[in-house]
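To start, the structure itself, in structure tokens.
Each reported figure results from applying straightforward, stated rules to the coordinates on display, with no laboratory input. Here the structure is a predicted model, which means the values were calculated and not measured. With ideal geometry, Cβ positions are generated from the backbone for all residues, glycine too; neighbour counts draw on all protein chains shown.
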Amino acid sequence: MPILHLQMHPGRTDEQKRAFVREATRAAVDTLACPPESVEILITEVAKDSWAVGGKLKSEG
């Protein structure tokens, strides 16, 4: 069973998330030859003050 884990900043709408999981599931089914029921997707929203790049919090700009 494929498990896809997406981490992103908050702010996407439910419709955007639905579209993502629909398309990601389709891609997994097409490329991994698995049934859609076996594809699990975890969406984790991480605030910018809890995400850093290059030693700097994303919330700092």
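Given the condition touching a helix residue (DSSP H, G or I) at 6+ places or on another chain (Cβ under 9 Å), more than 20 Å from Ile3 (Cβ to Cβ) and either in contact (Cβ under 8 Å) with a residue 40 or more places away in the chain or not charged (D, E, K, R) (or both), answer yes or no: does some residue in region 39-47 qualify?
yes
Going by the structure shown, is Val21 surrounded by 12 or more Cβ atoms within 10 Å (Cβ to Cβ), out of contact with any Pro (no Cβ under 6 Å at 6 or more places or on another chain), of a type in the set (A, V, I, L, M) and not in a loop (DSSP other than H, G, I, E, B)?
yes
Given the condition exposed (fewer than 12 other Cβ atoms within 10 Å of the Cβ), among the β-branched types (Val, Ile, Thr) and not in a strand (DSSP E or B), answer yes or no: does some residue in region 7-15 qualify?
Checking region 7-15: at least one residue is exposed (fewer than 12 other Cβ atoms within 10 Å of the Cβ), among the β-branched types (Val, Ile, Thr) and not in a strand (DSSP E or B).
Quick one: in region 33-47, of everything that is part of a helix (DSSP H, G or I) and out of contact with any Ser or Thr (no Cβ under 9 Å at 6 or more places or on another chain), which residue is surrounded by the fewest Cβ atoms within 10 Å (Cβ to Cβ)?
Glu37
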